[in-house]
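The values are calculated or read from the model by the stated rules, or taken from the named source; none is laboratory data. Keep in mind the model is a prediction, meaning the values are calculated, not measured. For neighbour counting, all protein chains shown are included, and Cβ atoms are generated from backbone atoms with ideal geometry for every residue, glycine included.
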Amino acid sequence: MAKHSERSREPKAKREQLINWAYRGVWVAAALAVAFSQRDVIDDVAHALTSKTEAEKSLEETAHTVLGRNILVHCFDIPDKGSDPSIKTRGEIPVIPMTNKLYPIIRLDTVTCERLEMFMDDPSTGENESVRDAVMDISHELSHQQGRDGNGELDESLTDCYAIQRLSGVAQALGASETFAEEFSRKTAEVYQRNVSGYEMSAECRDGGTEDLDLHTYGGNFPPVQFG
Ligand SMILES: [Zn+2]
């Protein structure tokens, strides 16, 4: 009887050990899967720790001025998404898996960073459409991070509405004078429209609308709203 129970205990212990290993294997596989899916984020951080460019340092200071907290800025060649040139990715922010939270990272296309450098060197280059768009791009990405009240925003249309309202402050954080930045923001709001699905301005993106951040720059600068 004693022998029999010892024999049966042995395979039971082995089975438990196997189950333990299986559990560990699942955890290791899950950790590897997360690491694999987030390898771009690991890349962003590794880049920031090892080889940050002068432009990235300046843009991180800009981000800190606007948001009051630290954000990583990574400039690299972001691939086009699709064949439509109007939806070329000029900036993006990675999302933490299974949450609606954003990593404190702003990715900008190399070309966008070069144009932002031009603006930082000489804000009058903002009269050039491509430089103006680059300033809107960083304002857009910063507005994703900030949202309405610091909790982030994933909706593109809302983010663009916040971005145009923050444009004057962003331009000033990039080195423009208040007078120049206000005029730059007003002019941009007059002509700004991005006819890309998901980015269309809502009718609430207006002075006194529900998307008004009440920043009191020129009573709120808003883009021409597209109805219907
Ligand atoms: Zn966006």
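Here is a list of conditions, (1) outside the structural domain of LEU174 (by TED's automatic domain parsing); (2) in a loop (DSSP other than H, G, I, E, B), and ILE78 meets all of them except one; can you say which number that is?
Of (1) outside the structural domain of LEU174 (by TED's automatic domain parsing); (2) in a loop (DSSP other than H, G, I, E, B), only one is false for ILE78: (1).
Give the range 168-197 a look and list any residue that's within 16 Å of the ligand (Cβ to nearest atom) and over 16 Å from the mean Cα position of the chain (by Cα), or say none.
Result: TYR192, GLN193, ARG194, ASN195, VAL196, SER197.
Would it be correct to say that PRO123 is away from the ligand (no atom under 16 Å from the Cβ) and within 15 Å of the chain's Cα centre (by Cα)?
Here the answer is no, as PRO123 does not meet what is asked.
Quick check on the range 149-164: of everything there that is of a type outside the set (A, V, I, L, M, F, W, C) and within 15 Å of the ligand (Cβ to nearest atom), which residue is farthest from MET120 (Cα to Cα)?
So the residue we want is ASP155.
For a quick check of your reading: which helices (runs of 4 or more DSSP H) sit entirely within the range 109-188 and have at least 2 residues that are in contact with a Lys or Arg (Cβ under 6 Å, 6 or more places away or on another chain)?
Hits in the range 109-188: 129-146.
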